[in-house]
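Taking it in order: structure first as structure tokens, then the write-up.
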Amino acid sequence: MKSVRLIGGLAASVAAFVLALPLIVSGERFRPLIKAQLQSAMGRPVDFGALSLRVIPLSLRATGLDIKGLATVEVLDVKVRFFPLLQGNVEVDSLVLTRPVVSSANPAARRPR
């Protein structure tokens, strides 16, 4: 009986920690790292609005992503790995773009010939 209570208490503690994670760790903490990585990968200035941490699935959500001269995205969900995130590193599993709008970097390329 004691082992059942111990396991139940441990499971409840883990569940409480997981649900409290967004309150403990702010998504804004990762803003400089994500912005630098995006700018490096895209080779362009990048800006975005609010950045939040989601628990299920573990992901970071950025709103209003603007990749200057290339694209805008209403919402960017980045599914990340748990343990590297606790150490301040972002390891990406997947990206989901909501309402992306891609624009040509060269306006002359859009003119019909």
Original post:
Tally time: how many residues in region 17-42 are at pLDDT below 80 and surrounded by fewer than 10 Cβ atoms within 10 Å (Cβ to Cβ)?
Top reply: 2
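Restricting to region 73-107, what's the tally of residues that are among the small types (Gly, Ala, Ser) and either under 19 Å from GLY27 (Cα atoms) or without any contact (Cβ under 8 Å) to a residue 24 or more places away in the chain (or both)?
If we filter region 73-107 for residues that are among the small types (Gly, Ala, Ser), which is where we start, we get 88, 94, 103-105.
Checking the rest, the ones that are also either under 19 Å from GLY27 (Cα atoms) or without any contact (Cβ under 8 Å) to a residue 24 or more places away in the chain (or both) come to 88, 94, 104.
Residues that pass the stated criteria total 3.
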Original post:
Which is of a type in the set (S, T, N, Q) and surrounded by 12 or more Cβ atoms within 10 Å (Cβ to Cβ), of SER3, SER13, SER52?
Top reply: SER52
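The values are calculated or read from the model by the stated rules, or taken from the named source; none is laboratory data. All values reported here derive from a predicted model rather than from experimental measurement. All Cβ positions, glycine included, derive from the backbone under ideal geometry; neighbour counts span all protein chains shown.
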